[in-house]
Amino acid sequence: MPEYSSDQITVTYDPEVCVHAGNCVTQLPAVFDLKKDPWIDPSGATVDEVEATVNACPSGALKSHRAS
Ligand code: SF4
């Protein structure tokens, strides 16, 4: 499973589960941008913003955990 990390949070993405609803790229384009590689940059917003967007993913394809 691909992982994308900043100092504060790691986001994982399961492409098999994603329904391509586009919520993530609409809600937080500074972090989720399909034109970039890697397409998820967790350092592009606050941890709270990243977490809120991950939690709003309708399919559960996105998960996150804060660095301990
Ligand atoms: S919000 Fe979730 S289901 Fe929608 S495009 Fe992003 S990863 Fe896929």
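Bear in mind these aren't lab numbers, they're just calculated from the coordinates by the rules spelled out. Note that this is a predicted model, so its numbers are computed, not measured. Because the Cβ atoms are built from the backbone with ideal geometry, glycine has one as well, and the counts that use them run over all protein chains shown.
Below are the figures for this structure:
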read-out: Sole residue being surrounded by 14 or more Cβ atoms within 10 Å (Cβ to Cβ) and either part of a loop (DSSP other than H, G, I, E, B) or near the ligand (Cβ under 10 Å from one of its atoms) (or both), chosen from VAL54, VAL50, VAL17; value: VAL54
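One line per residue, one yes/no per condition, for (1) within 7 Å of the ligand (Cβ to nearest atom); (2) surrounded by 13 or more Cβ atoms within 10 Å (Cβ to Cβ):
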residue	(1), (2)
THR10	no, yes
ASN23	yes, yes
PRO29	no, yes
LEU34	no, no
ASP37	no, no
ILE40	no, yes
SER64	no, yes
